[in-house]
Amino acid sequence: MTVDLDWENLGFSYHKLPFRYISYFKNGQWDEGQLTEDATLHISESSPALHYGQQAFEGLKAYRTKTNEIQLFRPDKNAQRLQKTAERLLMPKVSTEKFIDAVKKVVKANADFVPPYGTGATLYLRPLLIGVGDVIGVKPATEYIFTVFAMPVGNYFKGGLAPTNFIVSEDYDRAAPYGTGAAKVGGNYAGSLLPGQTAHSEGYSDVIYLDPATHTKIEEVGSANFFGISKDNEFVTPLSPSILPSITKYSLLQLAEERLGLKPVEGDVPVEQLDRFVEAGACGTAAIISPIGGIQYKGKRHVFYSETEVGPVTKRLYNELVGIQFGDVEAPEGWIVKVD
Ligand code: PLP
Ligand code: COI
């Protein structure tokens, strides 16, 4: 059973659901963790998460299949990435087992809000790890909270599978060469708010950032990774230590090769050589695959396949990925975890 919501027009916004999971780290260890109906966090005013950004988050989705089962897409990868982020920010790790158990508990408790199959909507899960407690010097917290909450979502970019345009930021970087770009920390996103707002006000879906050292190569979108399909049937994505290693992107690299016969390439994507691509897109959990119609750079618009129609390779990749996520297409081993 599901509740009655306008599933086709959800967009990507916060919706308070009945249950979330919370676990506390104190005296060097995590407690059991439990579901709670309290959607408010009660934390010290001096929590390092608030002052020094000692916090990390994740994003993954639960999908309802045609046979009314609920499943997760590669949650172990989100757990591992949160562990890497925790290492970078000196936070205690959440084990993969605890992470997946928390996610499953939240999905099960809010199962009525997992959108019906066929609506395209999903239940978005937001795991969050924050340093809390009474610390005021610039040092790691001694206490932490790990919480997972959820909400039903639709499209992140308003176009869905219709292409939208993006703009290259010439004034701002997302991350520093040896900074925290590869970690999923809030600070990366705080810095992207201003360029993001400017891009939106000019009608672009989001910002494309260049490599912070030379400003010549595409790094990623503010909320997703970038990919291009070359004239030579390559699936190309930037390789850089300052971009977020997208689970969707690594899944697509594999699917492009194994299912579509494309050559997977991770490498430099010079912003002056966009002509090599016949199609381009943004990929991520929230973005899924969002086709990029055109990229605005130095006052000029570079259009890939079309500003109004999704390209054929992007469409095939989308069908493969989304088919796997909703259980309609056979998944590579280990990619799907059932919530029973
Ligand atoms: N890049 C950024 C900056 C993101 O915020 C996200 C979203 O998680 C991604 C890429 C895509 O990563 P994933 O496919 O793991 O969701
Ligand atoms: C995700 O795709 O899960 C993200 O975290 C992107 C976020 C900016 C919504």
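The values are calculated or read from the model by the stated rules, or taken from the named source; none is laboratory data. Remember, predicted model here, so these are calculated numbers, not experimental data. Using ideal geometry, Cβ is built from the backbone for each residue, glycine included, and neighbour counts are taken over all protein chains shown. Side chains included, ligands, DNA and RNA excluded: accessible areas come from the protein's heavy atoms. Shrake-Rupley method; radii C 1.70, N 1.55, O 1.52, S 1.80 Å.
State whether the residues of region 280-297 include one that is farther than 21 Å from residue 236 by Cα, open to solvent by less than 40 Å² (accessible area, probe 1.4 Å), touching a residue at least 12 places away in the same chain (Cβ under 8 Å) and in contact with a helix residue (DSSP H, G or I) (Cβ under 6 Å, 6 or more places away or on another chain).
Within region 280-297, not a single residue is farther than 21 Å from residue 236 by Cα, open to solvent by less than 40 Å² (accessible area, probe 1.4 Å), touching a residue at least 12 places away in the same chain (Cβ under 8 Å) and in contact with a helix residue (DSSP H, G or I) (Cβ under 6 Å, 6 or more places away or on another chain).
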Checklist entry - What do you reckon, is residue 167 within 29 Å of residue 259 (Cα to Cα), β-branched (Val, Ile, Thr) and touching a helix residue (DSSP H, G or I) at 6+ places or on another chain (Cβ under 7 Å)? => result no
Checklist outcome for this item: Taking region 266-279 and the residues there that are more than 30 Å from residue 122 (Cβ to Cβ) and touching a Lys or Arg at 6+ places or on another chain (Cβ under 7 Å), the one that is least open to solvent (accessible area, probe 1.4 Å) would be 271
Next on the checklist: Among the numbered criteria (1) closer than 20 Å to residue 217 by Cα; (2) assigned to a loop (DSSP other than H, G, I, E, B); (3) open to solvent by 20 Å² or more (accessible area, probe 1.4 Å), which one does residue 328 miss?
Outcome noted: (1)
Checklist entry - Within region 19-29, is even one residue buried (at least 18 other Cβ atoms within 10 Å of the Cβ) and within 21 Å of the chain's Cα centre (by Cα)? => result yes
Checklist outcome for this item: Picked from region 45-58 (must be polar (S, T, N, Q) and surrounded by 15 or more Cβ atoms within 10 Å (Cβ to Cβ)), the residue farthest from ligand 2 (Cβ to nearest atom) is 47
Checklist outcome for this item: Restricting region 222-247 to residues that are within 11 Å of ligand 1 (Cβ to nearest atom) and out of contact with any Lys or Arg (no Cβ under 9 Å at 6 or more places or on another chain), the one nearest to residue 159 (Cα to Cα) turns out to be 223
Item to check | Test result for residue 159, at negative phi, open to solvent by 20 Å² or more (accessible area, probe 1.4 Å), more than 16 Å from ligand 1 (Cβ to nearest atom) and among the small types (Gly, Ala, Ser) | outcome: yes
Next on the checklist: Out of the strands (runs of 3 or more DSSP E) lying entirely within region 275-314, which hold 1 or more residues that are within 16 Å of ligand 2 (Cβ to nearest atom) and closer than 29 Å to residue 59 by Cα?
Outcome noted: 277-284, 288-297
Next on the checklist: If I go through region 162-179 residue by residue, how many of them are crowded, with 19+ Cβ neighbours inside 10 Å and part of a loop (DSSP other than H, G, I, E, B)?
Outcome noted: 5
Checklist entry - Any residue in region 3-18 that is within 17 Å of residue 91 (Cα to Cα) and either touching a Gly at 6+ places or on another chain (Cβ under 8 Å) or buried (at least 16 other Cβ atoms within 10 Å of the Cβ) (or both)? => result no
Checklist entry - Does residue 61 count as open to solvent by less than 50 Å² (accessible area, probe 1.4 Å), under 20 Å from the mean Cα position of the chain (by Cα) and touching a residue at least 24 places away in the same chain (Cβ under 8 Å)? => result yes
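Checking the structure you have, find out if any residue of region 34-44 is within 26 Å of residue 329 (Cβ to Cβ), open to solvent by less than 40 Å² (accessible area, probe 1.4 Å), not in a loop (DSSP other than H, G, I, E, B) and not basic (Lys, Arg).
Looking through region 34-44, none of the residues is within 26 Å of residue 329 (Cβ to Cβ), open to solvent by less than 40 Å² (accessible area, probe 1.4 Å), not in a loop (DSSP other than H, G, I, E, B) and not basic (Lys, Arg).
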Checklist entry - List the pairs whose first member sits in region 125-137 and is within 18 Å of residue 76 (Cβ to Cβ), whose second member is modelled with pLDDT of 95 or more and of a type in the set (S, T, N, Q), and whose Cβ atoms are under 8 Å apart, counting only residues at least 6 apart or on separate chains? => result 127/78; 127/147; 129/55; 129/85
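Among the residues of region 248-263, which ones are within 11 Å of ligand 1 (Cβ to nearest atom) and either open to solvent by 10 Å² or more (accessible area, probe 1.4 Å) or among the aromatic types (Phe, Trp, Tyr) (or both)?
The one that is within 11 Å of ligand 1 (Cβ to nearest atom) and either open to solvent by 10 Å² or more (accessible area, probe 1.4 Å) or among the aromatic types (Phe, Trp, Tyr) (or both): 250.
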Checklist entry - Taking region 216-242, which residues are open to solvent by less than 10 Å² (accessible area, probe 1.4 Å) and of a type in the set (A, V, I, L, M)? => result 218, 221, 224, 229, 236
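Here is a list: 68, 110. Which entry is surrounded by fewer than 22 Cβ atoms within 10 Å (Cβ to Cβ), touching a residue at least 24 places away in the same chain (Cβ under 8 Å), away from ligand 2 (no atom under 15 Å from the Cβ) and of a type outside the set (Phe, Trp, Tyr)? If you could, list the steps in order and put the result at the bottom.
Numbers: 110 fails: surrounded by fewer than 22 Cβ atoms within 10 Å (Cβ to Cβ).
On inspection, the qualifying residue turns out to be 68.
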